[in-house]
Amino acid sequence: MHQDKSFLAIIPARGGSKRLPRKNILDLAGNPLIAWTIEAGLKSRHIDKVVVSSDDDDILRISKNYGSEIIRRPFELASDTATTFDAIRHAMENSESTFDYTVLLQPTSPLRNEKHIDKAIELLMLKNADAVISVCAMDHSPLWSNTLPEDGDMSHFLKDELKNKRSQDLPKYYRLNGAIYICKTEKLLKAKTFLLKENIFAFIMEKEASIDIDDISDFYLASYFLSSSHQRVLC
């Protein structure tokens with residue numbers, strides 16, 4: 001609870017993963033990948049309930065062992081065509097209680113911890129927002145990018161006004177980092193997305209804590225920061 005408002009954290013974790021097979025339960029710095037997110041949710045001062053939604057027996061068993069409540073997701077909601085919102089709605093419908101806010105914590109963000117979650121919730125309440133989503137600064141400006149024709153011609157790759165600009169002179173861009181999504185439950189169910197069109201704010205996270213594990217290189221990088229010889233990144 002925070003300011004008399006209740007928060008349900010949902011961790012969606014499918015068993016299938018094409019780029020990094022079984023990634024949600026791979027050992028990462030001594031714990032299964034998903035355990036880092038479960039731990040963050042359980043340690044949060046504001047989260048009232050943590051639920052893992054999965055179609056996979058091993059993920060459900062491990063999640064329960066690490067203290068999370070579990071909901072078995074039907075096969076049709078764990079396919080490549082099913083959306084994250086489908087899984088979120090199923091988890092909400094199968095929860096015993098209703099909550100004022102729903103928090104999506106993706107298991108592929110192991111360096112997002114309880115301090116990030118609590119600060120994001122506190123920002124939500126401070127702004128009296130309907131939604132807050134985590135972002136991080138981009139390493140390279142998208143203004144320096146473009147598509148290429150088949151012959152690789154770069155004559156029109158950059159706009160003329162950008163050709164002599166230094167990177168530090170360009171505006172700062174941010175991207176969704178996939179770590180934290182918070183939304184008023186009634187608004188989420190109506191919009192069917194956390195990305196509301198109004199009264200939504202960004203929670204800015206540091207680059208290191210924004211690692212989103214998609215492939216083996218991401219996994220190795222997260223392992224480096226979470227290893228015992230390096231201090232875990234804190235907000």
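Coordinate-derived values only; no laboratory data. Just so it is clear, the model here is predicted, and its values are computed rather than measured. Every residue, glycine among them, receives a Cβ derived from its backbone with ideal geometry; neighbour counts consider all protein chains shown.
Observations
- Between helix 114-126 and the chain: long-axis angle, C-alpha atoms, 0 to 90°, nearest 10: 80
- Between the amide H of Ile204 and those of Val135, distances stay under 5 Å, these residues lying 5 or more places away or on another chain, with hydrogens modeled in the peptide plane.
- Annotation for the stretch 76-151: chymotrypsin sites (Phe, Trp or Tyr not before Pro) lying in DSSP loop with at most 11 further Cβ atoms inside 10 Å of their Cβ do not exist.
- Once both labels are positioned 7 Å from their Cα atoms along Cα-to-Cβ, the gap between Thr83 and Asn164 label points is 4.8 nm.
- Under 13 Å from Lys49, Cα to Cα: aspartates and glutamates that are on another chain or at least 8 residues apart: Glu39, Glu69, Glu96, Asp100
- With Cα atoms defining each centre, the stretch 1-45 and the stretch 83-119 are spaced 9 Å apart in the structure.
- Of Lys5/Lys172; Lys18/Lys192; Lys165/Lys187; Lys18/Lys165; Lys115/Lys165; Lys23/Lys119, those spanning more than 32 Å from alpha-carbon to alpha-carbon: Lys5/Lys172; Lys165/Lys187; Lys18/Lys165; Lys115/Lys165
- Compared with the dominant principal axis of the Cα atoms in the chain, helix 33-43 is inclined by about 70°.
- Fewest-first ranking of Lys172, Lys5, using other Cβ atoms within 10 Å as the exposure measure: Lys172, Lys5
- Relative contact order of the stretch 70-196: 35 percent, from C-alpha pairs under 8 Å at least 6 residues apart in sequence.
- Exposed-loop-free span, longest in the chain, where GluC sites (Glu not before Pro) count as exposed if DSSP calls them loop and at most 14 other C-beta atoms lie within 10 Å: 1-95
- Gained length - Ser141 relative to Leu189, 0.36 nm times residue gap less alpha-carbon distance: 13.9 nm
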